[in-house]
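Below you'll find the structure, written out as structure tokens, and then a few comments.
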Amino acid sequence: MKNPILQLNPLETMGKGFSPLARFQQACLESFLAPDALPPGAHDPFAEPVTLRKPPRGTNPVILLHGTWANRYNTWKALSLELSNAGFSVSAINYGDGGQLPKFVKGYGDIRRSAKELARFVDEVLRKTGASKVDLVGHAQGGGVMPRWYIKYLGGKDRVGKLIGLAPSNHGTTTVSMGTLANMMTTFLGLQSLSTQGINLTSGKAAIQQSKESPENINPELDRDGDTEPGITYVVLATALDEVLTPWRQSYLKGGFGSEVTNVALQDFRGFEFDLTEHLGITNHPVAIEVVKRALTGQSIDPKDVNIGPLPPMVTP
């Protein structure tokens, strides 16, 4: 008999009482069995044989970036398939595996080193697709400090068209809030080391580098001379119920010369004013999926212009 958990589609479950957070937990369970699995519809440019599609005219290849202690499958199972079905060229990276935790836990290594991993990944996507730029879609660390480091210091400013962050970690958070994330991930992943040993080297350097109280916080160096780089479009979708990035408006970016910045909250959209989706659930939320698709194609994401309707059933390949 097939495992019923593995047959659930994250978008179909929306009408069956499954919250965005529950769908993330479901994907975490699935990733136990295949820690390096790709989310449906995504590709890895280093895999053989390479099946990376050319991006449609007027779009860039899309690279999906997970957050701290997560992986590409459990973060992007829903959005990846949505983007692929819409015709986008989608790749997804696993990064920041320091070898200290089980293989299905990623994104906890040194942020500077993770940015170098991203640089290699971007170059390979560009080589395989023939494109001149990529668009980055990330969650938490993967939508904030890590790709911003790549853009600012590792040549990404010439290779990135858009950076779209979902609850992105742009300006750090408190050590207590990182502990909240550790406790939540412990529940989903069954890792006692994250909660019993707290924010330390067992949990990985990335957590320390995002903690505002830490002397190793990466933001003083990263934010020097401003949040953004000229020629890049930045989109931030935050949630007012974010319990990990506190206060939640620290996800927002301040636009600098030559850049375009849009900051918006999930609760700004009609019909979702009282939505309770928090940090880990946002990547599976219909508002996030719609905002990302619109941002990638240059459409308005002003809440007054966006009508989020029910998503049609989808079939997971």
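Side notes on the structure shown:
- Taken over the range 53-81, the criterion of being surrounded by fewer than 24 Cβ atoms within 10 Å (Cβ to Cβ) and on the phi < 0 side of the Ramachandran plot is satisfied by ARG53, LYS54, PRO55, PRO56, ARG57, THR59, ASN60, LEU81.
- Qualifying positions in the range 24-52 - touching a strand residue (DSSP E or B) at 6+ places or on another chain (Cβ under 8 Å) and on the phi < 0 side of the Ramachandran plot: LEU38, PRO39, ALA42, HIS43, ASP44, PRO45, VAL50, THR51, LEU52
- Filter pass, GLU273 being surrounded by 19 or more Cβ atoms within 10 Å (Cβ to Cβ) and modelled with pLDDT of 90 or more: no
- Residue that is aliphatic (A, V, I, L, M), at pLDDT below 95 and either surrounded by fewer than 18 Cβ atoms within 10 Å (Cβ to Cβ) or closer than 25 Å to GLY87 by Cα (or both), where the choices are VAL291, VAL287: VAL287
- Of the residues making up the range 91-136, those that are of a type in the set (Lys, Arg) and assigned to a helix (DSSP H, G or I) number 6.
- The residue that is nearest to HIS171 (Cα to Cα), among those in the range 248-270 that are of a type in the set (Gly, Ala, Ser) and crowded, with 21+ Cβ neighbours inside 10 Å, is SER251.
Yes/no per residue for (1) in a loop (DSSP other than H, G, I, E, B); (2) at pLDDT 95 or above:
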{"position": "LEU194", "(1), (2)": "no, no"}
{"position": "GLY198", "(1), (2)": "yes, no"}
{"position": "LEU201", "(1), (2)": "yes, no"}
{"position": "ILE208", "(1), (2)": "no, no"}
{"position": "ARG224", "(1), (2)": "yes, no"}
{"position": "THR228", "(1), (2)": "yes, yes"}
{"position": "GLY231", "(1), (2)": "yes, yes"}
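- Those residues of the range 92-119 which are touching a Pro at 6+ places or on another chain (Cβ under 6 Å) and either under 27 Å from GLY155 (Cβ atoms) or free of Cβ contacts under 8 Å to residues at least 60 places away in the same chain (or both), in sequence order: ALA92
- For the range 156-177, the criterion of a residue being of a type outside the set (Ser, Thr, Tyr), over 19 Å from the mean Cα position of the chain (by Cα), surrounded by fewer than 16 Cβ atoms within 10 Å (Cβ to Cβ) and at pLDDT below 95 is satisfied by at least one position.
The values are calculated or read from the model by the stated rules, or taken from the named source; none is laboratory data. Please read these numbers as outputs of a predicted model, since none were measured by experiment. In this analysis, Cβ positions are derived from the backbone assuming ideal geometry, glycine residues included, and neighbour counts consider all displayed protein chains.
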